[in-house]
1. How much of the pair distance distribution for the range 76-246 lies past 27 Å, counting alpha-carbon pairs only, in percent?
2. What net charge do the residues around TRP143 carry, taking every other residue with its C-beta under 13 Å from that of TRP143, with Lys and Arg at +1 and Asp and Glu at -1?
3. When a/c reaches 1.5 or more, the comparison of a/b and b/c decides; with that in mind, is the range 94-155 rounded, prolate or oblate per its Cα gyration tensor?
4. Can you give the net charge of the other residues whose Cβ lies under 13 Å from the Cβ of ARG165, counting K and R as +1 and D and E as -1?
5. How much net charge surrounds ALA87 when only other residues with a Cβ under 10 Å from its Cβ are counted (Lys, Arg +1; Asp, Glu -1)?
6. Probe of 1.4 angstrom, ligands and nucleic acids ignored: what's the accessible area per residue over the range 76-246, in square angstrom?
7. Largest first, how would GLU62, GLU235, GLU127 line up by accessible area (1.4 Å probe)?
8. Could you run the Karplus curve 6.51 cos²θ - 1.76 cosθ + 1.60 with θ = phi - 60° over the range 221-231 and give me ³J(HN,Hα) per residue in whole Hz, x for Gly and Pro?
Amino acid sequence: MSTSPLVSLAIAVAPLVAVGCGGGATGAPTTAGPATPVEAAPDPAHHGHHGHHGADMPHRFEDADAWAKVFDDPARDAWQRPDEVVALLALAPGMVVADVGAGTGYFEGRIAAAVGPDGEVIATDVEPDMVRYLGERAAHDGWTNVRALQVEPGDPGLAPASVDRVLIVDVWHHLDDRAGYAARLATALRPGGWVAVVDFTGDAERGPPRDHRLAPEAIIADLTAGGLVAELATETLPDQYVVIGRLPDGR
Ligand SMILES: C[S@@+](CC[C@H](N)C(=O)[O-])C[C@H]1O[C@@H](n2cnc3c(N)ncnc32)[C@H](O)[C@@H]1O
């Protein structure tokens, strides 16, 4: 098998589907032009499992070096607006931030700079090659306060009351028990902490296949069921929405 996953995906998928979570979720155009890859393998049998990482789910992000060309494509900045996303987190030096499903570390440099040497970024992923890649990238780029952490699909892997913020970009629709996951995130928050979930709007041209997208109301419901007080954030992202989930007063 000499064809790269990105090339084979690009050949196999239609344009809308092609802006799936991987390419779409992060949706950045690739150097291959319209041949934007998707996270789902071209094998249609895998397509129905989009959004889930159950035991039967093949690894779809196993070639981190290849995905880095998509996730970290500089063209992504134009629509992802990473400075705005990070600004929404209202970070301060010394904070501990979890980036759940951090992928190749698109946001890590900005978060690491905002929390400074006394803070920490816990960049989690279920995919071992993503964790390998991100750890190497942190060392290479001098992100001494970034820790790459491999986690299980249903468990954020964060200690109770250990983080000030959780960022989770283009990942929520992958979760199986979303309310349960929200509850685990709530447990991991320190007092005053919050979670920011970023995902694609239903009408965005990039993003996962439309039938796999979640309305912001669904994410608000998930976070609420998990014990958080959730609302839509005000932002200017062209293709995505941001839901903020805070600990209730007194927690
Ligand atoms: C579309 S990528 C987004 C990566 C990154 N958040 C970004 O915006 O560039 C989704 C990432 O989430 C990871 N992922 C999927 N399900 C996960 C889970 N349950 N827990 C942690 N990471 C997960 C995948 O391995 C992949 O790296």
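The values are calculated or read from the model by the stated rules, or taken from the named source; none is laboratory data. Since the model is a prediction, treat every value here as computed from it, not as a measurement. For neighbour counting, all protein chains shown are included, and Cβ atoms are generated from backbone atoms with ideal geometry for every residue, glycine included. Accessible surface is based on the protein model in full, side chains and every heavy atom, while ligands, DNA and RNA are left aside. Shrake-Rupley method; radii C 1.70, N 1.55, O 1.52, S 1.80 Å.
1. Numbers: 2544 of 14535 pairs.
Result for the distance tail: 18 percent.
2. Numbers: positive: ARG110, ARG137, ARG147; negative: ASP99, GLU108, GLU120, GLU136, ASP141.
So the surrounding residues net to -2.
3. oblate
4. Values: positive: ARG110, ARG190, ARG246; negative: ASP99, GLU120, ASP164.
Here the charged neighbours net out to 0.
5. Details: positive: ARG81, ARG110; negative: ASP83, GLU84, GLU235.
Net charge around ALA87: -1.
6. Each residue of the range 76-246 exposes 38 Å² on average to a 1.4 Å probe.
7. Numbers: GLU62 110, GLU235 45, GLU127 10 Å².
Of GLU62, GLU235, GLU127, the descending order of accessible area is GLU62, GLU235, GLU127.
8. 5, 4, 5, 5, 4, x, x, 9, 9, 10, 7
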